[in-house]
Amino acid sequence: DLSLERLLPIRSLGGIEAAVDLLLQCRRRGGSVLVIGDFDADGATSTAVVVRQLRRLGFTAPQFLVPDRFKFGYGLTPEIVRVAATLCPGLIVTVDNGVSSLEGVAEARRLGIDVLVTDHHLPGAALPEAAAIVNPNLPGSGFGSPALCGVGVAFYLMAATGRRLADLGLVNPDVAREAV
């Protein structure tokens with residue numbers, strides 16, 4: 001069974017509705033989404049899932065950036081945000097990183113760029129001031145699988161986005177239901 005019906009309920013992943021709202025606001029404005037991934041297998045597959053599905057869902061030219069860890073460090077650093085800003089994104093979406101990127105999210109905000117963090121790593125004492133955060137390991141999360149990997153979080157976000165667009169009649173329901 002390749003349907004979404006046997007998954008844990010998509011809406012039970014905290015922050016998912018706010019994340020979908022952000023993506024749809026960016027889509028309505030015609031802004032581009034810039035996905036910033038990690039360079040490991042989880043980050044690469046997360047990046048591919050999100051970029052591929054955003055294209056299928058009619059988003060305008062989604063882009064991606066996978067930073068060189070030796071040059072930029074890990075996660076959404078201020079340096080990588082400044083590189084990202086040259087691409088003029090309407091929204092930065094982190095995949096498999098970002099929950100500890102306090103300074104990077106602050107830099108994006110300073111530059112007027114909203115950030116949607118999707119991650120599965122354990123958060124620190126403080127969370128970044130992102131427009132939305134989706135992470136099954138946030139304090140108070142009621143999601144049934146805190147062991148969900150980064151690509152799983154990305155998958156849930158794309159499934160929720162596809163469902164919302166189909167419910168609004170903005171995409172073919174078959175495209176929204178197909179595996180991302």
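The values are calculated or read from the model by the stated rules, or taken from the named source; none is laboratory data. A quick note: this is a predicted structure, and the numbers were derived from the prediction, not measured. Every residue, glycine among them, receives a Cβ derived from its backbone with ideal geometry; neighbour counts consider all protein chains shown. These accessible areas exclude ligands, DNA and RNA; they are computed on the full protein's heavy atoms, side chains included. Shrake-Rupley method; radii C 1.70, N 1.55, O 1.52, S 1.80 Å.
Below are the figures for this structure:
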read-out: Tally of residues being open to solvent by less than 20 Å² (accessible area, probe 1.4 Å) and more than 17 Å from V20 (Cβ to Cβ) across the stretch 33-70; value: 7
read-out: Only listed residue being out of contact with any strand residue (DSSP E or B) (no Cβ under 8 Å at 6 or more places or on another chain) and at positive phi, chosen from G73, G98; value: G73
read-out: Some residue of the stretch 13-26 being in contact with a Cys (Cβ under 9 Å, 6 or more places away or on another chain) and touching a residue at least 40 places away in the same chain (Cβ under 8 Å); value: no
read-out: Matching residues, the stretch 46-60, being free of Cβ contacts under 8 Å to residues at least 24 places away in the same chain and of a type in the set (G, A, S); value: A48
read-out: Residue match in the stretch 145-167 (condition: among the small types (G, A, S), open to solvent by less than 10 Å² (accessible area, probe 1.4 Å), touching a strand residue (DSSP E or B) at 6+ places or on another chain (Cβ under 7 Å) and more than 26 Å from I10 (Cβ to Cβ)); value: no
read-out: Unmet criterion (only one of (1) over 17 Å from V151 (Cβ atoms); (2) in contact with a helix residue (DSSP H, G or I) (Cβ under 9 Å, 6 or more places away or on another chain)) for F70; value: (2)
read-out: Residue match in the stretch 4-26 (condition: more than 20 Å from P136 (Cα to Cα), in a helix (DSSP H, G or I), of a type in the set (K, R) and open to solvent by 10 Å² or more (accessible area, probe 1.4 Å)); value: no
read-out: Filter result for G43 (over 17 Å from V117 (Cα atoms) and either in contact (Cβ under 8 Å) with a residue 12 or more places away in the chain or outside any helix (DSSP H, G or I) (or both)); value: no
